[in-house]
Structures are given as structure tokens and as C-alpha cells.
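Worksheet for the structure shown next.
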Amino acid sequence: MGFCGEKSFTVWDQGDFSKCFEDSVVMTLPGAFLLIFGLKLLYDLETKKPDIFHFKQLIRDFKTWKKSIQLEVIVSILLVAWKVLFFVVDVSIYDEPYVKFYSTVTMAQWIVAFFLVYLELKKGQTRSWNIRVYWILSFLCAVIKLRTLSLGAFDSSYKLEVSFLEYFSFLIGFCLILILSITSVLFFDHSAGYSNLDENEEPLEKNANLFSRLTFWWINPILVKGYKKSLDIPDVPKLTEIDQAEILSLKFEKAWEEQLSRPKPSLPRALAAAFGPHFYVAAIFKLIQDGLMFVGPILLGKVITFVTTHNVPTYNGLIYVLFYFLSPVIQSLTLHQYFHRCFRVGMWLRSAVVTAVYKKALRTSLREGTTIGEIVNLMSVDAQKFMDLCPYLHMIWSALEQIAIALILLYLKLGPSVFAGLAIMLVMIPINLFISNLAKKRQTTSMKLKDKRTKAVNEVLNGIKVIKLYSWEQSFMNHVNAIRNSELGVMKTIKYIQGFSLLLWSMSPIFVSVSTFAVYILTGHVLTAAIAFPCLSLFNVMQFPINMLPNVVSSIIEASVSVQRLERFLLKKDLDPNVVERHISEAGVAIKLENASLEWEPGKTVLKNINLKVKEKELIAIVGHVGSGKSSLISTLVGDLDKTKGTVAVKGSIALVTQQAWIQNATLKNNILFSKELNEDKYQKVIEACCLLPDLKILPTGDQTEIGEKGINLSGGQKQRVSIARAVYNNADVYLFDDPLSAVDAHVGKSIFRDVLSNTTGMLRNKTRVLVTHAVHYLPYVDRIIMIKDGAIAEEGSYEFLLQNEGPFASLMKHDTQHQQSPTPASLTSSAELINDNEENKDTDQHTNDGGHSKTLEEEFEEQDLGESDKLIDVPRKIVLEGSGPEQEEQDDNTNNAILTTTRGDSEEEEEEEDDGEKELMEDIDIENDQTSLKPKSSDEKKSMFKKPLSLLKTINKTISKPVSLPPTQQKETPNKDGKIISVETRQEGKVSLKVYFSYFQAIGPFLATLIIGFYVFTQLFSILANWWLSNWTNSVDADGNDAKGRDSKYYLSIYVAFSFAAIGATLIRSFSMVFGSIKGSKLFHEKMFKAVIRSPMSFFDTTPIGRILNRFSKDQLTIDESIARTLGMFLNTFCQVFGSIIVIALVSPFIIIAMIPVAALFYFIQRYYLNSSRELTRLEGVSRSPIYAHFSETLAGVTTIRAFQEAFRFSSENEKLLDDNQKCYYINISANRWLALRLEFLGACIVTSAVLYTVLASHHIDPGTAGLVITYALAITSNMNWMVRMSCDLENSVVSIERIQEYCSLPSEAALTNDKKVQKGWPTQGQIVFKDLWLAYREGLDPVLRGISLTIAPKQKIGIVGRTGAGKSSLTQALFRLVEPLRGTIEIDGEDIRDLGLHTLRSRISIIPQDPVLFAGTIRSNLDPFNKYTDDQIWEALESAHLTKAIKELDGGLSAPVTENGENFSVGQRQLMCMGRALLKKAKIIVMDEATAAIDIETDALIQDTIRTAFNECTVLTIAHRINTIKDSDLVMVMDKGEVVEFENPNILQQNHSSIYYSLVKRSEDNEHDE
């Protein structure tokens, strides 16, 4: 017997495979594949891979395996068992050798397959491709075998006879193989066998199998978690790698670089090149879905024919029912794969655009006309438009395709009559194109106005303190509201245009159906149910693309405007990275400028013909008048200016310290490290050299304390010292200091100069240093001085050389000397600076001398510190009476109720010394257990204690170990236990309250809201009546066109037309009412929110990042402007359609309602199940969006520092991480939306199937017209119910924006701007100020920062206010302007209690020159006189007094000259002079000067002081002192400490009293002067 038995081996036998060939070759192919590839894998697994799990563990934990793995293992075991059985069956029936061979091989391959599955599980490996391909091959081969056996079993004429036992046994095996094949394809994932492996480490979608991806099953874990609790950011899985911003950014950059090489770069082409393939694949799914859309209308005609023809078998009708079920299910699967891909690409586009804008902002100059507001809009509004458009972009071709197919099918039904409808559609196209062009033109204007508004709001937020101090709230509210009204005007026009366009398109199906039916009837045809309802169904199919087309066109128009804006920004000229050369061939030269001319803007040269060489390790100083070009020279060296000619070169890396310190919202330590690796020894030396050790003691968590936005919880001096520390720690080659020492006191500045900058003892002595300064007492200790005048180097040389040269520098120094020789006693200290500083801008912390010094500046410091005769000991840095209010004035003697400490560490010699007078001081201070207890005293005793000899206070250094309390600026923003200062953004949890919905209807107006809802109902009512009339029409006419009641077709047609046009009229009214209402609501919400924000107390702005507030004014306001009205309209429309359909179906066939009840219950459950998660994801997306804007605003504020330190890449990476955190919430949300839609559409398919099933089973009892009406509405209810649920979810998600805006509309407010209290017109006429027992705390629960202040300031007195950080100087100012309300006590001005006055009444009648020189975008005039109260002559007079006339007249436009955002086109000194001009123009009787001349050179400062003495002669002036000459002419000096006034006397008298604190300050200033 041969291998094949009695027959020879052949492939074909009677036109088919021979059984021998089939069994021995075909059926063993999978075995051959597995033996070739599987045995090697089996060997590798057994020998090379360690066991992760043992057999007993696998058995024990079987329930924790992934379900697909459980199924695969069980089926594999069954398959082996089946093969053993089948082997016995085969051998018992056939005795040919090939049968035994085939059975043996297949049994062996099943065993190998099982062991492969088992070993992969045991080794913790993911399922290999080998085994998956094997299952598929086995299935394909088994299909061939099953065919052969089926023919043999059921076809008697077949060549082979097969027994039932053989057939049945193989069929069981085939089913097992089928299960394994499906599992390997649909349920395969890349994860390991256990369901909990890497669950939190990998994105959910990454390991999802095909079935899970098709049905979005992978989203279930998030929905389950969201259903049980409120989701938070950590609950949301991270994005897959292809969705991460870093990867997307690289793809886009590559495509954009290619576009830049072309003559006309195109952003859309770059986006298409980067992300197009994924988007194009989605078109395949859309094409399949479009085709399946027409199955319903085609089947409808078949079903009506079935109902009409009574002799057709019911089997045929059931086939239609099956197709009615399968068609929408497959359609739904393909549609949502299409949407998912498109939404994903939209998300990619947003990531690419946002990262591109961010990186561009780091590379370009913001002086080129691009504002921060515009860039924020590019990142929020424009990027959002790309994302919103992407899912519907395919509708351009898809809509035309659907319309074309519908028209073809209509033509087959109605013949040439359809051309009447087509003509109407063709007429609509040019009309809508014209309308679209109108909308596009206005859309560009709208976006510009959005930029302008966002910019204005951003400026208000940045300058809010100044706005409140000047009482300019109303002016800025009017300004922003004016821009907003213009924006709303354009928006209203756009919405009316879009509404009219939408109306035309929505009327199109009605016009088309009416005209088509009319022509069909008038040409002598009979309209039957079999024709009417399939055609009506096709008209309904056409309605969606017709309605979507204008929306897509509008979105494309909006996106095209965004494209132009983004292209314009991305094509802006980058700062030339080669403007500063990094190589200098000349040995020993670190900086080299040769004949260099530079400009900020084209055509406006600021530095001319600069020739400068700076040697390595050299220290040079740059001096000059305000606006001369000093800061521009520093900016030149970091590459911020454009070079028109010459050479600029810097060797090595750069560290920059800017004039206005830039601080990140991070811990103090991270601000200093600035991403550099921590070297603890170096770090400690840096913070010590920069005098930061005392600050670390007073901060709640030391250097781990979070610093608020813009360093809000640090004083100005602290911020600048952190900025210096950052530069020093950076270990660069070249250091650029842009006048940082102006923000600290003389002794602190000299300590920093000694320990950081000095050529002998400074940490940077071996580095190249460039120092811009106005403090001339540093100049003798530098290697060289560069004098800048009018943008050119006027002279350069050593200090002695320039003095002898009798040039501009000598003139400046002579002027300084004249001030030093002023005859008044207070002027003995001339230009030296006080040791006290302002609590918001300066710091008095001193630094321990810890190194050997040369006999220069450093040695003089040491002599000053150690010399007994010249010894001056610090006033205690903080003496805090522990208590929270006025009631705790008396405390127990044994209580440790006070903390006294000095921030200066004494040397050992000082600690060993002890004055005789110390005993006197120690009578008042008990020292016990290294703690100091201060006995309660009367106010006279307290004052007496403070006038003890100050040298005695040295003993305190030996006894105090506790840190001092927080200064007021830190108390004002007291961090929590973790050192956090910025509050976490709040978000609501759970269901959105009905109050939020009602608030929107209230904003629209109750009457208008009722009208809108009413006309949505009327629209649906008339539509139902039209369709009902059509059903009645077709039922009353027989096949020959005869009407039972004798009415002709025109009668029915006229009423059908009447109902249709009534629906059009209702649509018209509801559309334009919705536009009007939405604009009204948008206006109200924005006005309320802006008013609430601008009227909020300063504590709100101190703890809330600006980016978070801008998020409300940009993205959330955009949602109200554009999304909510559209979503609400679609929800109302579908809601009315669904309930209208239910009513129709219930009236016609109540039995279908029974089937709809469980379906409706599932609808509701699925919606709630989904909505809990979706709502929270939407909220999380909003919350996670704010850090993006906050980080971006922070980046723009410090862009120069970032570029100088070459940290742009790190900041870009941080932006990408923040973007990913935001995008992952969005991505999971849109995936959950697909999850919802798929399930709802499945339930919808069940409703349609029920309706068709009812029609088929009741075909003998139902009219054709009624059947057509029921199925038509069943088809409609499917899509409408799905759309309604989706719109309800989208509406609730959109309403979250109203919820967030409502939160800001309800912010706590300051007191009223005006009230009923009237004051005389010229009040205050005298300028008397009376403080009566004033206690002040910044917030409830914080310690008071002013404690029982009681004093009287007489009219016209000049008061100098001094005191260290935390003394309460600026707190006194805030109390006077009522930025903070007092706990107790009063302030009276000319007899009026200021608490009784409106804030505008108070603040507009007194004036302040603040320490922060804030200017706003606009003109010179608008910055000086926002209310237009003064004439040009008066403004010029004020500018003359402020010594700004020359600078302003040189500008194009004079008073109308533009001021850019934040006043960037003026130097800091010029901005301070501008603020001085405001006060001079106002001519108030009370003036507060809060360290207003810190950035002004000595000569200009002297002129300003002369102006103050003359212009403010008749005013009461309170001066918070920075330089001693600013209070030398004061009538009284107020010395403050720990919130109390400890000295208040004439400065001459205080100076004569050697025990006074004021005397100690003067003495210290004298010693500082001697250093020079």
C-alpha cells in the first residue's frame, strides 16, 4: 500500500484537491510553519528566558490573567484533547499511511502550540507573532478541510462520502480553531499575561487588541473609575508616544523647515506633510460609512413593497430586518474609527502649533509688533480652530459625494423631476459662497479684536496694583469694554451671516423635496408610499451634509484666518543667532565690539559705532544717564539686538542678571540651581555670598519654599539677590550685571560686591564681569569705566584717569560731590544708601565677612566691622510680639513671647567683647535656655528701650537661635505647610448645577429664551405635520392615482407646501433670536467677570497666576462666544425631533414603544455612566490648560534670561510636558465620546430593527404610508437620539466654561468705588493725616503687620519713612490707599475717616509714585492722563518737571507717541520718570513716594529732588527712603519696626541723639561713605 493508499499521490482529483494532497500537504502547512519557527522560539524561551511565574502560581492566579489569555489556554488544551479523539476516529476509519501522518503531525503541532502559549505566559512574555500567524494559517487550512467534509456529508453526488462522526468531530475542532483565530486577531494585545501588569505605566490604548480598538473597550477602566469617584490628573493615563508633543513637534519642524526652503512657505502644506497620512487613511472609513448610509433608504422601498405585496414569504421580510440591523452597526464602527482618527490628528495639529509658537517666541524679538495677548490667542484660539476643524474637513468631499449619490438614487425613483431640486441647490451654492466671503473678511477683523482684548486684559492683570493705586479701574473697564463691544459687533455680524447661510442650507431639503414632488405630480405621475418615503428618507440623508457644508465652510474660513495669523508669526524674522560671535582669535579678550551699530527695530539705531574690548577676568563698569543705552549694550551681548554693521563677539558662556529680577514660580532652590546639578558646597557658598542665608531662616520651608508668580512673596531685594545667586551658581565665562545692586541697600550691595564681584575676594574674580550701575561708590574698585552717552561710548578708562580727564564722567562725579557737601546735617551721608529697605523692593540682610581681604575696599570693610571705635551694631532684625491682634498687648513674663534676632553673624572677637552698658540692656531682656523673653512694657518704656545704646544689642547675637518672623510681604502670601504660595486651581465636582444653566438663560433674557425654545418646538411640529400629511396623502391615493375622497394631488401638495414653509418661518425666527441672545449673554458674562476681577482685592492677584485668569478670558470666553449657542441649538433641535418622533411612533404603532422603553433606559444609563467621567475630564482639561498659559507668560517675562543662559530647550520641554498633561485629558475625553456614540448607535440600530420587525410581522394590518412613516421616523430617531445624547454631553461639558466664569464673577470685592458719602470738591484741602490706633493684617488669621499706629502728620509736612524689611513701611501705604482694610483703628485725612469714603473718591484725591514703574500700551498721553482731564500744555509742564521733555519730543508723535506693551520701548529709568510725571500732573495734596528713584542716575535724581522740593512744596509728602538725600529735607523722620512707629521726630534732633535708631542709620551710612 502506497502513502496515499490504493491511489497514487496527485494534487487534483475530479476538479478538486485530492484527499491525500489535502491532508498530507495543505493541512500540514501550519504544522510545518510552527515546527520551523515555533521550535526555535520554544528552545529560546526554555533556555534563555528566566521564569517569572511558576506553575503553581499560574494555577493559583488564573483568575487574574487577561481574559483573552484565559480563553486561549483553555481552548488550546481542548484542541489537544480533541485531536487525540480525532486521531482515534481517523485511524479507525482510514488505514492509509497519509492519514496517520496527517494525524500525527497535527497532534504534534497542537502540543507545540500549547507549550508555546504556556511558556510565554510562564516567562512573562507578550504573545509572539509566530503563534498568532499559526492560528490564522490553521483557520484558513481548516476552512478548506471543512468545505470538503461538508460536501462529503451533505452532497450525495460528491466524490467522497463522509460519516457524521467524522464531520461532527472535525466541526468541533474547527470551532476551537475559529475561537483561537479570532482571539489572536481581535483580542490580541501586547501586554503580558496578567491583567494588572504595567497597568499604570503604559497608555491604555497601546496594548489594546483589535476588538478593543474597534469598540473603544480600552477606555472602560477610566469610565469605571470616573463613575465611582471624581477623576484627577493622576487617574488619566499618559499619552502614547505618537501623541506626545515632543514627537509631534519634531515632525512638524522637519516639514516646516522644508517649506521655508520654498519661495512661499505654506503652513497647511507643512501640517499635511507631517500628519497627512493618518488623516488620509480616515477617508477610507468615511467612504465605507457614506456608502452604508444609503442602505436604509433603499431597504425602505423594499419593505414598503413587501407590505404592499401580501403574497411574499415572511422570510424575505426577516432578511430585510437583518440587513437593517447589520448596516447601521457596521456603519457606526467605521464612522467612529473615522472620527477617532480625525480628532487625533486635530489634537496633533494643536500640539504642533502650540509648540511651534512657543519655540518661535523664544527665538524672536517681541519688539517686532507682536504682543503677548496676540501670542496667547495664537496658542489658544487659533490652535483650537485647527483642532475643531480637523474632524469635519473630510466633509468637503464627503458632503458632495453624499448629495451626488442621493440625487442619483432620487433620479432612479423620480426621473427628471429631481432636476428641479438640483436647480435649487445649484442656485444656493453661489449665494452661500458670497455669504462665506463676507464672513471671512469680518473673521479677520474679529481675530484682531480678540488679540487686542486679550492684550488689554493681560496688561490690566500685570499692572493691577498701579491701576488700583491710581484709581484707574473705571478707565480700564471702559477701555476693555469698548474693545469687547467692537468685537461683539463684528461677531454679531458674522453670526447673522452664518445664521442666514445656515438657514438657506437648512431650507434646501424642504425646497428640494417640495419642488421635486411638485414637478413629479404636475408631470402626471402618481406619488405612492413606495416612492414618497424612500425619497423622503433620501432627502433626510441629504439634510445632514447640506447642513454641515456651510458649517465646514465657515470653519475653513475661520481656520484660514488663523493660518494667515500663524504663518505671519512663524515667518517673523528670528533673532540672528550669529549676531554675537562665539570665537575671538585675539588672546586674552573675552568681549570684543568693533565699529558695532545696533538697533531694536529697523531704522532706529540705539547704539552707534561701539568699539570696546574687555579682557578676560576684567571687571568693568558701565555708567550713563537714564536712556543713554546702558541696558541696550548688555542686551547686545546676549544677542537681543539686530546688528547693522560691525562685529560683536563674546568668548564662552554668558550669565545675565537683569535690571528687573526675573523669578520663576518654583522653589527658591530651583530658582538658583536653574536646572544645574546640585553641588552642595558650592550652593552654600553662593547663597552666603549673595546674603541669602538670613532669608532661608525666615522662609517657612527654607530654600524649598515655593516662590509665587513674579516672586510675589519675596521683597525686591530678595528677588534681585536670588537672581544674582542664579548667575553665580551657573559658573559661566562672562557675567553681565544690569544694575542689580540698585535694588539692595548700600551695605548689602557692598557685601555682594565684595563677595561676588570684587577682583580680590569675589567668587567671580577669575571671570569676566560687566556691571551697569548708578552707584558711583563702586567705581573706584573696578578695572575700567565705560561712560555711555546718547548711544555711544563717550569715554572710557580707569577711575583716576576719567576724573583727571575733565569729561562727562568727571562732571557727573562733581555733581555727586556737590550733593555730598550739602550743609544740612542730614546730608552728611550724601549719596550713600540706607541700610533699611522697602519691604517689597529692598532688603537689609547683611553678610558675614569670612575671608582674608586685601587692603582696599575689603580691608576697610573688615576694619569697620572689627574696629572698636567705629563699631556699629545692627538694630535687631526682628522683634515680634507673638499675638494675632490688639487684644494680646499683655503677656505673661514667663512666656517666651518675643523673638529677637539679627541677620548678621558676629565674629568671634565681637562675641567675646562686652560693653558695660550691656547690663543695662539685660535688665530688660531675660536670657534663659538660649531664648529671649521680652517683658511687656508700656509704650514709653518700649520707646525708651529702643533708644538704648545700639552697641549693646550685639549681645542678642549670642542668645538667639530662632529664625525671625515673616516680613509683611511674605505674610501677605503666607505659604502652606509645604511652602506653597500659589493656590491650586479649584474645580467643581459632580453634576453641573441647574443654576449654571439658568444663569445662561438669565443672561440671554427670560423672554427671549422662552421665545427661542418655543420656536424650536414649532419648527418640529410643522415638520411632523408635513410628513403626516404626506403619509395621509399616499394612503388615500391608489396605484392609478385615484383619491378615495375625490381630491386631486394639488390639494395635498398645497397643504404639504404650507406646512413646510411654516417650518421654514419658525426656523428663521429661532435662528436670529439665538444669535441675538447669544451675543447678549456673551457680553454680560465678560463684563461681569472683568468687573469682578478688576475689583478683586490684591490678595487674589498675589495667589493666582495670570495665566489662570487669562485662561478664563480666552478659552472659556471663546466657548461662550462660539460653542454654547451652537451646541444648545443642536441639542434643542434634536430633543424636539426625538420627542416628536416618539409621539408619532406612539400614535401610529404603540407596540414599538414597548421595545423602546428598555432601550431608552439603557440610553439614560450609558449617558450617565459616560457623563460622570466626561464632565470631570472636561474640567481637568480646563484646569490643566491654565499652567500652559502661566508657563508661557513666565517664559515671555524672562525670555532674555532664558536665551542668555541657553535654557530654551529645557523650557520648551517643560512646555511640551504641560501640553501633554492637557492633551491626555482631551484625548481620553474624545475617546470616551466615541465610546458613547458607538453604544448609543447600537441601541439606535435596535430601535430601527424593532420598527422594521413590527412592520414585517404586521404587514397584513398596516398601510404602506403608515409603514413608511414609522420606519422613516425610526431611522430619524436613531441618529437624532444619538445626536441628542451627544449634544447633551457636549452642552454639559461646554457649560463647564460658564461654571468657571461664574466662579470669577463671584469673587470677593473691595469696597465700593463710590458711595453716598460726599466730600468737598477740593478735598483734601490741607493734607493732614491722622492715624488712630491702626492695626492691619493682610488676611484673616495672619499676624498684624501694623500694630497700634497713632500719630498726626500736619499739613504740608514732609515725612521720611525708614525701616528694615518687615517694618511696615509699605503696609502703611497700603492702609492709606485701602488696598488692605484695617483690623481696627482709623485713618483720617482732613477730618474725614477714609473708611467712609468710596475707594475712587479716596485714591483719586491722593497720589503715589510707586516703586514699580508700570506703563501700559497706548500713547504717552494715555499713560499720563487716561481720563483726558488735562490739556497738552499741562502735560508738557509735568514732563518738563520730570525732566522727560527732551526724550518725548525726540519721539515721533510727541504726546501721541506709542508706548509698547509694558513700556518696553522705554528704559526702566524713563518709566520711573513717567510715573513721576503722573504725580506732578495730578497735583494732589498728599503724595506718597515709594522708593521711586531706584533706577535713576545720581544727576537726574538730584534734579528730581529739586523738583519735588518746589513742585510739592504745598503738599504733604510721605517718602519711603532709599537714599539718604531723599529724606534729608524732611520735617520729620518716621522710623518703623515690627509694625510700630519707634521714632517720629525731626531728623536733626534724632541725629543728635546718639542712642536713636536714626542716628545708627546715619552712622552706618557715614561708614559706607568712608569706604569710597
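The values are calculated or read from the model by the stated rules, or taken from the named source; none is laboratory data. Keep in mind it's a predicted model, so treat the numbers as computed, not measured. All Cβ positions, glycine included, derive from the backbone under ideal geometry; neighbour counts span all protein chains shown. With ligands, DNA and RNA removed, areas are computed over all heavy atoms of the protein, side chains included. Shrake-Rupley method; radii C 1.70, N 1.55, O 1.52, S 1.80 Å.
Among the residues of segment 89-116, those that are at pLDDT 70 or above and among the hydroxyl-bearing types (Ser, Thr, Tyr) comprise Tyr98, Tyr102, Ser103, Thr104, Thr106.
For segment 269-301, what are the residues that are open to solvent by 40 Å² or more (accessible area, probe 1.4 Å) and among the aromatic types (Phe, Trp, Tyr)? Of everything in segment 269-301, those that are open to solvent by 40 Å² or more (accessible area, probe 1.4 Å) and among the aromatic types (Phe, Trp, Tyr) turn out to be Tyr280, Phe285. Residue pairs whose Cβ atoms lie under 7 Å apart, sitting 6 or more positions apart in sequence or on different chains, and linking a residue in segment 399-418 that is touching a residue at least 40 places away in the same chain (Cβ under 8 Å) to a partner that is in a helix (DSSP H, G or I) and acidic (Asp, Glu), are Glu401/Asp290; Gln402/Asp290. If you go through segment 302-313 and keep only what is open to solvent by less than 40 Å² (accessible area, probe 1.4 Å) and either over 24 Å from Ile403 (Cα atoms) or touching a Cys at 6+ places or on another chain (Cβ under 8 Å) (or both), you end up with Phe306, Val307.
Checking the structure you have, find out if any residue of segment 1489-1496 is at pLDDT below 85, of a type in the set (D, E, K, R) and out of contact with any Asp or Glu (no Cβ under 7 Å at 6 or more places or on another chain). There is at least one residue in segment 1489-1496 that is at pLDDT below 85, of a type in the set (D, E, K, R) and out of contact with any Asp or Glu (no Cβ under 7 Å at 6 or more places or on another chain).
So Tyr324 clears everything in (1) over 18 Å from Trp397 (Cα atoms); (2) aromatic (Phe, Trp, Tyr); (3) without any contact (Cβ under 8 Å) to a residue 60 or more places away in the chain except one condition, right? Which one? Here Tyr324 meets the rest and fails (3).
Of the candidates Ser150, Ser169, Ser138, the single residue that is at pLDDT below 75, in a helix (DSSP H, G or I) and surrounded by 15 or more Cβ atoms within 10 Å (Cβ to Cβ) is Ser169. Selection of first residues in segment 1413-1442 that are part of a helix (DSSP H, G or I) and crowded, with 17+ Cβ neighbours inside 10 Å and of second residues that are β-branched (Val, Ile, Thr) and at pLDDT below 85, restricted to Cβ pairs under 8 Å at least 6 apart or on distinct chains, gives the following pairs, ordered by first then second residue: Ser1441/Thr1507.
Which of the residues belonging to segment 425-437 are crowded, with 17+ Cβ neighbours inside 10 Å and at pLDDT 75 or above? Matches in segment 425-437: Met425, Met428, Ile435. Of the numbered criteria (1) open to solvent by 10 Å² or more (accessible area, probe 1.4 Å); (2) assigned to a helix (DSSP H, G or I); (3) more than 26 Å from Ala1354 (Cβ to Cβ); (4) touching a helix residue (DSSP H, G or I) at 6+ places or on another chain (Cβ under 7 Å), the one Thr1507 fails is (3).
Within segment 560-605, the residues that satisfy the criterion of being modelled with pLDDT under 85 and under 17 Å from Gly629 (Cβ atoms) are Trp600, Glu601, Gly603, Lys604, Thr605. Of the candidates Leu1351, Leu1451, the single residue that is open to solvent by 40 Å² or more (accessible area, probe 1.4 Å), aliphatic (A, V, I, L, M) and not in a helix (DSSP H, G or I) is Leu1451. It is to be established whether one or more residues within segment 1194-1206 are among the charged types (D, E, K, R) and either over 30 Å from Ala661 (Cβ atoms) or in a loop (DSSP other than H, G, I, E, B) (or both). Checking segment 1194-1206: not a single residue is among the charged types (D, E, K, R) and either over 30 Å from Ala661 (Cβ atoms) or in a loop (DSSP other than H, G, I, E, B) (or both).
Annotation note: Cβ proximity below 6 Å between a residue of segment 700-714 that is modelled with pLDDT under 80 and a residue that is open to solvent by 50 Å² or more (accessible area, probe 1.4 Å) (sequence gap 6+ or interchain) occurs for Glu709/Asn665.
Is it the case, given these coordinates, that Met395 is farther than 23 Å from Glu1214 by Cα, aliphatic (A, V, I, L, M) and at pLDDT 85 or above?
Yes, satisfied.
Look at Lys669 and say whether it is basic (Lys, Arg) and in contact (Cβ under 8 Å) with a residue 40 or more places away in the chain.
Values: basic (Lys, Arg): yes; in contact (Cβ under 8 Å) with a residue 40 or more places away in the chain: no.
So Lys669 fails the test.
Please indicate, with yes or no, whether at least one residue in segment 554-577 is over 27 Å from the mean Cα position of the chain (by Cα) and surrounded by 20 or more Cβ atoms within 10 Å (Cβ to Cβ). Give the derivation first.
Going through segment 554-577, the residues over 27 Å from the mean Cα position of the chain (by Cα) turn out to be 576-577.
Restricting the remaining residues to those that are surrounded by 20 or more Cβ atoms within 10 Å (Cβ to Cβ) gives none.
No: segment 554-577 contains no residue that is over 27 Å from the mean Cα position of the chain (by Cα) and surrounded by 20 or more Cβ atoms within 10 Å (Cβ to Cβ).
Quick check: anything in segment 1202-1217 of a type in the set (Val, Ile, Thr), within 20 Å of Glu709 (Cα to Cα), touching a Ser or Thr at 6+ places or on another chain (Cβ under 8 Å) and open to solvent by less than 20 Å² (accessible area, probe 1.4 Å)? Break it down stepwise before answering.
Narrowing segment 1202-1217 to residues of a type in the set (Val, Ile, Thr): 1202.
When the remaining residues are screened for being within 20 Å of Glu709 (Cα to Cα), the result is 1202.
Adding the requirement that they be touching a Ser or Thr at 6+ places or on another chain (Cβ under 8 Å) leaves 1202.
Subset that is open to solvent by less than 20 Å² (accessible area, probe 1.4 Å): 1202.
Yes.
Scanning segment 403-421 for residues that are surrounded by 17 or more Cβ atoms within 10 Å (Cβ to Cβ) and within 49 Å of the chain's Cα centre (by Cα) yields Ile403, Ile405, Ala406, Leu407, Gly421.
Does Phe1076 count as open to solvent by 20 Å² or more (accessible area, probe 1.4 Å), over 30 Å from Leu1313 (Cβ atoms) and in a helix (DSSP H, G or I)? Let's see the steps before the verdict.
Details: open to solvent by 20 Å² or more (accessible area, probe 1.4 Å): yes; over 30 Å from Leu1313 (Cβ atoms): yes; in a helix (DSSP H, G or I): yes.
Here the answer is yes, as Phe1076 does meet what is asked.
Report yes if some residue within segment 584-592 is of a type in the set (A, V, I, L, M, F, W, C), in contact (Cβ under 8 Å) with a residue 40 or more places away in the chain and not in a strand (DSSP E or B); otherwise report no. So far as segment 584-592 goes, yes, one or more of its residues are of a type in the set (A, V, I, L, M, F, W, C), in contact (Cβ under 8 Å) with a residue 40 or more places away in the chain and not in a strand (DSSP E or B).
The condition (being open to solvent by 20 Å² or more (accessible area, probe 1.4 Å) and closer than 30 Å to Arg1239 by Cβ) is satisfied by just one residue among Glu1299, Glu1292: Glu1299.
Which residue is nearest to Asp1221 (Cα to Cα), if the candidates are limited to segment 218-232 and must be touching a residue at least 40 places away in the same chain (Cβ under 8 Å) and open to solvent by 50 Å² or more (accessible area, probe 1.4 Å)? Only one residue fits best here, namely Asp232. Of the strands (runs of 3 or more DSSP E) contained entirely in segment 613-689, those carrying at least 3 residues that are open to solvent by less than 20 Å² (accessible area, probe 1.4 Å) and within 20 Å of Leu757 (Cβ to Cβ) fall at 619-624, 654-657. Residues in segment 1314-1342 that are open to solvent by less than 80 Å² (accessible area, probe 1.4 Å) and free of Cβ contacts under 8 Å to residues at least 12 places away in the same chain: 1 in all. Answer yes or no: is there a residue in segment 499-510 that is out of contact with any Lys or Arg (no Cβ under 9 Å at 6 or more places or on another chain), among the polar types (S, T, N, Q) and open to solvent by 30 Å² or more (accessible area, probe 1.4 Å). No, there is no match, as no residue in segment 499-510 is out of contact with any Lys or Arg (no Cβ under 9 Å at 6 or more places or on another chain), among the polar types (S, T, N, Q) and open to solvent by 30 Å² or more (accessible area, probe 1.4 Å).
For the criterion of being open to solvent by less than 20 Å² (accessible area, probe 1.4 Å) and over 19 Å from Asn1133 (Cβ atoms), Leu1243 passes.
Checking Ala482, Ala456 one by one, the residue that is part of a helix (DSSP H, G or I), at pLDDT 85 or above and surrounded by fewer than 19 Cβ atoms within 10 Å (Cβ to Cβ) is Ala482 and no other. Among the residues of segment 746-761, are any within 30 Å of the chain's Cα centre (by Cα), hydroxyl-bearing (Ser, Thr, Tyr) and open to solvent by 10 Å² or more (accessible area, probe 1.4 Å)? Taking every residue of segment 746-761 in turn, none turns out to be within 30 Å of the chain's Cα centre (by Cα), hydroxyl-bearing (Ser, Thr, Tyr) and open to solvent by 10 Å² or more (accessible area, probe 1.4 Å).
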